[in-house]
Amino acid sequence: MIETIDLLIARYGLLAVFAGCVAEGESAAALAGFFVHQQVFSAAGAFAAVFGGAFLGDMLTFLLGRRFSQQAFVGRITKRPGFGRALELIARRPATYVLLNRYVYGFRLVGGVAAGLSAIPAAKFMALNALSSAVWAVLFLGLGYVFGAGAEQVIGSELARHQRLLAALGVVAAAIVAGVVARGFMRRIGDR
């Protein structure tokens, strides 16, 4: 069973990381960094998957706002908490907004649609999104890699395959807890 799981991770793991990074993706990116440390993924392959997923996810939400602004599903997104504030921020500082939007946990969909509804040119958004995606990819891959080094110190240099999976689950659990804490913090800030 463990061999089958290892084979699936080696064969389809980067595709799963890419898909995870199209969505919020922090845990997928950190997990990819962990697997780079464990030499399951190459650093270049993990970076390409994380960067590509993050870039595509934000481009899709931008295009959703830009091309489908009159659709009901976009109207529902504009009614979410914080949407008005997002429009204010992007109107005042569009470049800063695009560069930092992905770092506000749980705000990526709203932020991308708000950017699409704004006056920011698509080419400028694309360039800023590429820069932000690259920095984000390096940051979260690095966090996962460092966690892998720490896990190796705790567990030992002979990290067996089943221990890899348990440590990877630990990375995911830690990322989920961090995301929940960050989301609560951001909600408290937004309520002020």
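Of all residues in the range 2-21, none satisfies being without any contact (Cβ under 8 Å) to a residue 24 or more places away in the chain and closer than 22 Å to Leu128 by Cα. Could you tell me whether the range 28-49 includes any residue that is under 11 Å from the mean Cα position of the chain (by Cα), surrounded by 21 or more Cβ atoms within 10 Å (Cβ to Cβ), at pLDDT below 85 and not hydroxyl-bearing (Ser, Thr, Tyr)? No, the range 28-49 contains no residue that is under 11 Å from the mean Cα position of the chain (by Cα), surrounded by 21 or more Cβ atoms within 10 Å (Cβ to Cβ), at pLDDT below 85 and not hydroxyl-bearing (Ser, Thr, Tyr).
Restricting attention to the range 87-113, the residues that are touching a Lys or Arg at 6+ places or on another chain (Cβ under 9 Å), of a type in the set (A, V, I, L, M) and farther than 23 Å from Ala28 by Cα add up to 1. Flag: Gly111 does not match the condition of being at pLDDT below 85, within 22 Å of Gly142 (Cα to Cα), over 12 Å from the mean Cα position of the chain (by Cα) and among the small types (Gly, Ala, Ser).
In the range 72-91, the residues that are within 16 Å of Gly116 (Cβ to Cβ) form Cβ pairs under 6 Å with partners that are surrounded by fewer than 17 Cβ atoms within 10 Å (Cβ to Cβ), at six or more places apart or across chains, as follows: Val74/Phe68; Gly82/Gly190. Yes or no: the range 79-99 includes at least one residue that is under 22 Å from the mean Cα position of the chain (by Cα), at pLDDT below 85 and polar (S, T, N, Q). So far as the range 79-99 goes, no, none of its residues is under 22 Å from the mean Cα position of the chain (by Cα), at pLDDT below 85 and polar (S, T, N, Q). Screening the range 69-78 for residues that are assigned to a helix (DSSP H, G or I) and surrounded by 13 or more Cβ atoms within 10 Å (Cβ to Cβ) and picking the one that is nearest to the chain's Cα centre (by Cα) gives Ile77. State whether the residues of the range 41-54 include one that is assigned to a loop (DSSP other than H, G, I, E, B) and of a type outside the set (Gly, Ala, Ser). Yes.
Screening Asn101 with (1) assigned to a loop (DSSP other than H, G, I, E, B); (2) in contact with a helix residue (DSSP H, G or I) (Cβ under 7 Å, 6 or more places away or on another chain); (3) of a type in the set (S, T, N, Q) gives one miss only, at (1).
The values are calculated or read from the model by the stated rules, or taken from the named source; none is laboratory data. Just so it is clear, the model here is predicted, and its values are computed rather than measured. Cβ sites come from the backbone with ideal geometry, for glycine too, and all protein chains shown count toward neighbours.
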